[in-house]
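To keep things clear, I will list the structure first and then write my remarks on it.
Bear in mind that the values in this text are calculations on the coordinates, not laboratory data. Source: prediction; values computed, not measured. Heads up, the Cβs are rebuilt from the backbone with ideal geometry, glycines too, and the neighbour counts pull from every protein chain shown.
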Amino acid sequence: MLHEFITTHRDEIIRRCRMKVAARTTPAPTPSEIEHGVPLFLDQLVMALQLGHSGSADIDETSLLHGQDLLAQGLSMAQVVQDYGDVCQSITELAVETSARIGTDEFRLLNGCLDRAIAGAVTEYGRQRQETAVSVATAPGRETEQLGFLAHELRDLIHTVMIAFDVVKSGHVGAGGSTSRIIDRSLQRARDLITRSLAEVRLSEGVEQLEDISIPALMDDLMAGSRLEANVRGIKMLLDRGGDGAVINADRQILTTAVMNLVQNALKFSRVGSTVTLRVRATAHRVLLEVQDECGGLPVGSGDELFRPFEQRSTNRSGLGLGLTFTKTAIEAIGGTITVRDLPLVGCVFCADLPRVPPVVKPGAAASAT
């Protein structure tokens, strides 16, 4: 068994990993990396292999703790990722030299563990960097620096993509694994961040380009753009399409970004296997756009706080929590309101109530109706 091989040859594997770390010039090795990082990861790798399934929750927890611990030791993300590769390479080299009988399935399991571990470390790195940005940005007197922190967030997303892509290129992990999904999510977040930032500029500078927007057509576009992310997250999306013929006068980019923020928020917090529903209702004078998720319900008294900058509603703290703040500002600028309704133990419903453009009455329609 592979975990028995690693346990038997633990000291030799550690020695080889330390030699690889010490020989590196970029990034330069640190004492904690050589003396602490490799042995810790090797011990946790043995634990993961004993479980016999690279996709288990226990392995995710193990890799997350590993990422937390090494980052706390002061290692850079590049060093952490390189350590994973060193361990895998050392194990493989030693197995070949000793003619160890290790099956293909076991090596596939090793690569699966490596993939999930790298993905966990990269994710944890990004989370810690964002929490640091949030803590600084929310300090008294720093509200005017939000643009700078958005730029930092974009930079961190690109940095995460570059690191994860380097891992995929190295051949240590497959193109369809957890590390590749990190690339997908980071690119989507970078795209969404840029889109929201452009819409914020248009709104704050008063350069809206108002036009009549068909709400059914807008909902179709939003569904098409959201299904890819929903599929990646294992979430089903439904469109409850009402309000045929409903039209709103607004800036298309601003309105689209505002509603898309609600959809992305729902996808972010809904559980795997759950459903996110977009719902449209219309009266003679109003249009209601609802986004219902299955996040499990809201904490007591948290409804209004969700629209404040830097407020987030769970332990998933990816992003700076500015999307809902922008949505509230954008909806109110159109002359509408936004509320959130809790569905205890199920989820919640965000509702944007917007003014409807009065339908055009065709000549003779009123007479024929009498």
Quick check on the exposure proxy: order VAL87, VAL287 from fewest to most C-beta atoms within 10 angstrom. VAL287, VAL87
What distance in nm separates the two pseudo spin-label positions at THR339 and ALA22, each 7 Å out from Cα along the beta-carbon direction? 6.9
Computed label-point distance, nm, for sites GLN188 and LEU238 using a 7 Å Cα→Cβ extension: 2.1
The stretch 1-20 scanned against label point 7 Å out from ASP105 along Cα→C-beta; backbone N under 13 Å for 1-2
Provide the packing ranking of 332-344, 95-107, i.e. peptides ordered by the mean count of other C-beta atoms within 10 Å per residue, highest first. 332-344, 95-107
Per the rule of 0.36 nm per residue minus the C-alpha distance, extending ASP11 to VAL96 adds in nm 28.9 nm
For labels at ASN231 and VAL357 in the simple 7 Å Cα→Cβ model, what's the distance in nm? 3.3
